[in-house]
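**Student:** Dropping a structure here in structure tokens format, bear with me for questions.
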Amino acid sequence: MTQSPTTQDTSSGSQRSVPKPVFTDAEAGAREFPDSSSNARHYNYYKPAKRKQTLYEDTTVEVQPDPRHYLAQGWIYGFANGEGGYPLHWTKLKAWGVDEPEPQRGIGTGGLPVENWPAHGWHEFRDPNEEWEQSLYRYNANVVRQLTQNIENARNAKAFELWNPNWIRFVERNVGAWMHIEHILGLYVFASNERSAPTNMHNTALAANSTRKIRFAQDLALYNLTLSEEIDGFDGTAHLDAWDNAPEWQGARRMTEALTAVQDDWGEAIFAANCVFEPLVGELFRSNLVMQSAATNGDYVTPTVMGAGEFDYAQRDLRWSIACFAPLTQDREFADHNRELMGGWLRTYVPQALEAARTMQPMWSQSDSKPPTFEDSLDRAKNRFAGICSDLGLDVPEELKQ
């Protein structure tokens, strides 16, 4: 920056020597870069899944730095045992590049230019739901708003007075008991594994899955309180006895608690929950029992509450899970390893899920107006599960014939 000779002070009429700033583009920050203009709204350090970058990708992809990908200086933090960042051995699943050595680093190396970064395959995942902070809040807020309106409309219309007596007993025990499963899965399976996956894209999807589960558990808890106020004799604590003592719930409870005990493998826990338990037990109960039975028992409200949770799973949780696991069965390096591993998980968890499903059979005869038979409902769940296995590139396990 240089100075011009003089300028005039017109207010006093006298002349003074006042420096006038002149910019020469030598000052810091004067240079313009492609991404420095006000028109630039996207990052360019990652390859978008489609032709154009999305807001989801800009807020999620590579936000978690990874020295196996772009962070040339190495992890900036670590654990007490010497591990840094997000160790790949937190799951037995593998993606192409995980066996490649990490780039050489040291004083003056600059990280060395790297063409084939290790663990690159994990970074190809994109959540098809494109969940990030803002979209997550908006989605859950809209669901709660709609459910609140539906329930308030039912209260004003005195709709709960139309329920069959046996259906009241069914809802207070069984619909309330499902709240425990959503709470346990949301908090102790998905939330507890949210930090374990190797990229920010995976961890964001896990966090979104967790919040939906916890929100659905809250929906059921608030619904239980509403029914306690609106229906004479409705026992708002009956679900506790059902969960703790009812024989028909012990199979589902046993498997749910087993999912919280999966050790040191976020992939196994999420695969078992979303790809095995949910279609064979969750959808069996929500869609093929509660939502099929409610209307003929005078209840049009409970299906809207259950339907919100069903939409969470069918249209969001399952979608991201297939997008996460299916590419691993086609991985350019580790497809055989991953298929064998996931096949082993199927052999472990499918029998548990089928046992839990069959243990629930007495619930199909507890209401006055019966849903489709249990065997028909279970066949639908099995067909649904077989389709998921096909989407994942896995063989349908022999255990499904039980």
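The values are calculated or read from the model by the stated rules, or taken from the named source; none is laboratory data. Here the structure is a predicted model, which means the values were calculated and not measured. No Cβ is skipped: glycine too gets one built from the backbone with ideal geometry, and neighbour counts run over all protein chains shown. Note: areas computed on protein heavy atoms with side chains; ligands, DNA, RNA excluded. Shrake-Rupley method; radii C 1.70, N 1.55, O 1.52, S 1.80 Å.
**Student:** So which residues in region 329-342 are in contact (Cβ under 8 Å) with a residue 60 or more places away in the chain, open to solvent by 10 Å² or more (accessible area, probe 1.4 Å) and assigned to a helix (DSSP H, G or I), if there are any at all? Can you show your working first?
**Tutor:** The first filter runs over region 329-342 and keeps only residues in contact (Cβ under 8 Å) with a residue 60 or more places away in the chain, leaving 329-334, 337-338, 341-342.
Of the ones still in play, those that are also open to solvent by 10 Å² or more (accessible area, probe 1.4 Å) are 330-334, 337, 341.
Those that are in contact (Cβ under 8 Å) with a residue 60 or more places away in the chain, open to solvent by 10 Å² or more (accessible area, probe 1.4 Å) and assigned to a helix (DSSP H, G or I): Q330, H337, L341.
**Student:** Which one of these does E172 not meet: (1) open to solvent by 20 Å² or more (accessible area, probe 1.4 Å); (2) in contact with a His (Cβ under 8 Å, 6 or more places away or on another chain)?
**Tutor:** Only one criterion in (1) open to solvent by 20 Å² or more (accessible area, probe 1.4 Å); (2) in contact with a His (Cβ under 8 Å, 6 or more places away or on another chain) is unmet by E172, namely (1).
**Student:** Looking only at region 369-398, which residues are over 16 Å from S287 (Cα atoms), open to solvent by 70 Å² or more (accessible area, probe 1.4 Å) and assigned to a helix (DSSP H, G or I)?
**Tutor:** Within region 369-398, S390, D391, E398 meet the criteria.
**Student:** Filter region 111-134 down to the residues that are more than 15 Å from T54 (Cβ to Cβ) and open to solvent by less than 30 Å² (accessible area, probe 1.4 Å), then identify the one that is modelled with the lowest pLDDT. Full working, then the answer.
**Tutor:** Filtering region 111-134 for residues more than 15 Å from T54 (Cβ to Cβ) gives 111-124.
Among the residues that remain, those that are also open to solvent by less than 30 Å² (accessible area, probe 1.4 Å) are: 111, 118-119, 121-123.
On the way: G111: 52, P118: 66, A119: 68, G121: 86, W122: 90, H123: 87.
The qualifying residue modelled with the lowest pLDDT is G111.
**Student:** Restricting to region 343-368, name every residue that is open to solvent by 10 Å² or more (accessible area, probe 1.4 Å) and not in a helix (DSSP H, G or I). Spell out how you get there, then give the answer.
**Tutor:** In the first step, residues of region 343-368 are kept if they are open to solvent by 10 Å² or more (accessible area, probe 1.4 Å); the result is 343-345, 347-349, 351-352, 355, 358-359, 361-362, 364-366, 368.
Selection gives Q366, D368.
**Student:** Of the conditions (1) surrounded by fewer than 22 Cβ atoms within 10 Å (Cβ to Cβ); (2) not in a helix (DSSP H, G or I), L318 fails just one. Which one is it?
**Tutor:** The single condition L318 does not satisfy is (2).
**Student:** Something else about it: Filter region 135-149 for residues that are surrounded by 12 or more Cβ atoms within 10 Å (Cβ to Cβ) and aliphatic (A, V, I, L, M); which is farthest from L227 (Cα to Cα)?
**Tutor:** Taking region 135-149 and keeping what is surrounded by 12 or more Cβ atoms within 10 Å (Cβ to Cβ), we get 135-136, 139-140, 143-144, 146-148.
Those still in the list that are aliphatic (A, V, I, L, M) too: 136, 143-144, 147.
Details: L136: 28, V143: 19, V144: 17, L147: 14 Å.
So the residue we want is L136.
**Student:** Could you identify the single residue in L93, L55 that is within 30 Å of G344 (Cβ to Cβ) and at pLDDT 65 or above? Before you say what the answer is, go through the steps one by one.
**Tutor:** Working: L55 fails: within 30 Å of G344 (Cβ to Cβ).
So the residue among L93, L55 that is within 30 Å of G344 (Cβ to Cβ) and at pLDDT 65 or above is L93.
**Student:** Among the listed residues Q250, Q263, which satisfies the condition of being surrounded by fewer than 17 Cβ atoms within 10 Å (Cβ to Cβ) and under 30 Å from I168 (Cα atoms)?
**Tutor:** Numbers: Q263 fails: under 30 Å from I168 (Cα atoms).
Answer to the selection: Q250.
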